[in-house]
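To keep things clear, I will list the structure first and then write my remarks on it.
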Amino acid sequence: MYRVAILTFDHVALFELSCAVELFGLPRPEFDNWYKCHVVSLTRETITSTAGLQLAPRLVTSLKDYEMLVVPSWPTDGREIPEPIAREVLEFYERGKRILSFCSGAFLLAQLGLLNGKKGTTHWKYADIFKARFPDVKYVPDVLYQYDGTLGCSAGSSAAIDLGIEVIRSDFGYHVANKVARRLVMSAHRKGGQTQYAETPVQNEPGQFAKALDWAMQNLHEPIDITLLANKANMSRRTFDRKFRADFNLSPKEWLVHQRLNLSKTLLENKSLNIETIAGLAGFENSTTMRHHFSKKLGISPSQYREQFYRF
């Protein structure tokens, strides 16, 4: 069981705090193993948040009892970090434990020097301030999140959930991550390299594009023609391709490969089927094609993935 601390302080952002609680603190009895999560404060017993709302987190003097720390937000004005927070977060990092920041939370990590020489990101509206204040951070613009297994930065509120789902996947596998995503009524397939926002007009018939993707997800085992997919979205092929690139920073074919990889991972984690059968169920032409995409995208073979993640 992973023990998680969610850090609070005066004027913590409520939405990002709620995202962290929903991801890691909500009881999930459907899983045999889950996180044990506390909302904590290192400075005060009572926290004042947005609109004067009073919070009563668990007051702790140390973070040593936790394996993961979530920083939901942090002031962007450069104010001094309270000594207990600076000390404990630095010690947490030095012990090699995982730290996630949501939205402006990256400012705390950068201010402590934890992102120096590393890739980091935050909400696009803070980008100029962040880059000016922290030139030693390799700022990555317009992505959902950056995550290397130890440090994670998400761009904004909804992107915090994307990062959280990726962390859950790395801890418990795709099967669990997909179930959590469904409970959150969100997609489990958004990756960190996608754009933070898409400046595209709302369609006259909202939902057709999403319905086309849902249809594709239900029919991954079949050959899927991109022109047919565009027709299901009630778009021309050119408009469909353009919207895909704007929303996902991927072509439709790349997206399909990614969905088929996700499906094959789930099958490898939970089924005792041979590789050729799994390739067919996931919509790959054959096991050779599936191995090619595993090697290209993940750097391992399907067999190696199964050895690592199969849940007996």
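The values are calculated or read from the model by the stated rules, or taken from the named source; none is laboratory data. Not measured: the values here are computed from a predicted model. Note: ideal-geometry Cβ built from the backbone for every residue, glycine included; neighbour counts use all protein chains shown. To get the accessible areas, we keep the full protein, side chains included, count just its heavy atoms, and leave off ligands, DNA and RNA. Shrake-Rupley method; radii C 1.70, N 1.55, O 1.52, S 1.80 Å.
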If you go through segment 177-195 one residue at a time, do you hit one that is at pLDDT 90 or above, hydroxyl-bearing (Ser, Thr, Tyr) and within 27 Å of THR289 (Cα to Cα)? no
Are there any pairs, at least 6 apart or on different chains, whose C-beta atoms fall under 9 Å, with the first in segment 94-115 and on the phi > 0 side of the Ramachandran plot and the second buried (at least 22 other Cβ atoms within 10 Å of the Cβ) and acidic (Asp, Glu), and if so, which? CYS103/GLU16
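Within segment 112-131, track down each residue that is open to solvent by 60 Å² or more (accessible area, probe 1.4 Å) and either touching an Asp or Glu at 6+ places or on another chain (Cβ under 8 Å) or under 26 Å from GLU94 (Cα atoms) (or both). Let's see the steps before the verdict.
Start the filter on segment 112-131 by keeping residues that are open to solvent by 60 Å² or more (accessible area, probe 1.4 Å), which leaves 116, 118-119, 124-125, 128-129, 131.
The answer is ASN116, LYS118, LYS119, TRP124, LYS131.
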Take the residues in segment 40-77 that are within 23 Å of HIS123 (Cα to Cα) and hydrophobic (A, V, I, L, M, F, W, C); name whichever of them is surrounded by the fewest Cβ atoms within 10 Å (Cβ to Cβ). ALA51
Within segment 270-296, can you find the residues that are assigned to a helix (DSSP H, G or I) and hydrophobic (A, V, I, L, M, F, W, C)? ILE275, ILE278, ALA279, LEU281, MET290, PHE294
Against the definition (touching a His at 6+ places or on another chain (Cβ under 7 Å), farther than 30 Å from ALA212 by Cα and buried (at least 23 other Cβ atoms within 10 Å of the Cβ)), how does CYS103 come out, yes or no? yes
Is there any pair with a first residue in segment 35-54 that is in contact (Cβ under 8 Å) with a residue 12 or more places away in the chain and under 30 Å from GLY173 (Cβ atoms) and a second that is open to solvent by less than 60 Å² (accessible area, probe 1.4 Å) and among the polar types (S, T, N, Q) whose Cβ atoms are under 8 Å apart and which are 6 or more apart or on different chains, and what are they? VAL39/THR8; VAL40/THR8
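Looking at GLU16, GLU30 in this structure, which one is open to solvent by 10 Å² or more (accessible area, probe 1.4 Å), assigned to a helix (DSSP H, G or I) and under 30 Å from LYS179 (Cα atoms)?
Exactly one residue qualifies, and that residue is GLU16.
Which residues, counting only those in segment 81-100, are aliphatic (A, V, I, L, M), outside any loop (DSSP other than H, G, I, E, B) and surrounded by 15 or more Cβ atoms within 10 Å (Cβ to Cβ)?
Scanning segment 81-100 gives ILE85, ALA86, VAL89, ILE99, LEU100.
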Cβ pairs under 6 Å, 6+ apart or interchain, first in segment 283-299 and in contact (Cβ under 8 Å) with a residue 60 or more places away in the chain, second in a loop (DSSP other than H, G, I, E, B) and open to solvent by 60 Å² or more (accessible area, probe 1.4 Å), ordered by first then second residue, are GLY283/HIS221
Can you name the condition, by its number, that PRO223 falls short on among (1) surrounded by 14 or more Cβ atoms within 10 Å (Cβ to Cβ); (2) modelled with pLDDT of 90 or more; (3) not acidic (Asp, Glu)? (1)
Considering ALA282, ALA216, ALA246, which residue is in contact with a Ser or Thr (Cβ under 6 Å, 6 or more places away or on another chain), under 27 Å from PHE172 (Cβ atoms), of a type in the set (Gly, Ala, Ser) and open to solvent by less than 40 Å² (accessible area, probe 1.4 Å)? ALA282
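Looking only at segment 137-168, which residues are small (Gly, Ala, Ser), open to solvent by less than 30 Å² (accessible area, probe 1.4 Å) and in a loop (DSSP other than H, G, I, E, B)?
From segment 137-168, those small (Gly, Ala, Ser) are 149, 152, 154-160, 164; that's our starting set.
Still in the running and open to solvent by less than 30 Å² (accessible area, probe 1.4 Å): 152, 154-156, 159-160, 164.
Scanning segment 137-168 gives ALA155, GLY156.
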Mind checking which residues of segment 221-254 are assigned to a helix (DSSP H, G or I) and either touching a residue at least 40 places away in the same chain (Cβ under 8 Å) or charged (D, E, K, R) (or both)? LYS232, ARG237, ARG238, ASP241, ARG242, LYS243, ARG245, ALA246, ASP247, PHE248, LYS253, GLU254
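Consider segment 226-241. How many of its residues are under 13 Å from TRP255 (Cα atoms) and either open to solvent by 70 Å² or more (accessible area, probe 1.4 Å) or among the hydrophobic types (A, V, I, L, M, F, W, C) (or both)? Break it down into steps so the answer makes sense when it comes.
First, the residues of segment 226-241 that are under 13 Å from TRP255 (Cα atoms): 226, 229, 240-241.
Going one step further and asking which of them are either open to solvent by 70 Å² or more (accessible area, probe 1.4 Å) or among the hydrophobic types (A, V, I, L, M, F, W, C) (or both), we end up with 226, 229, 240.
The qualifying residues number 3.
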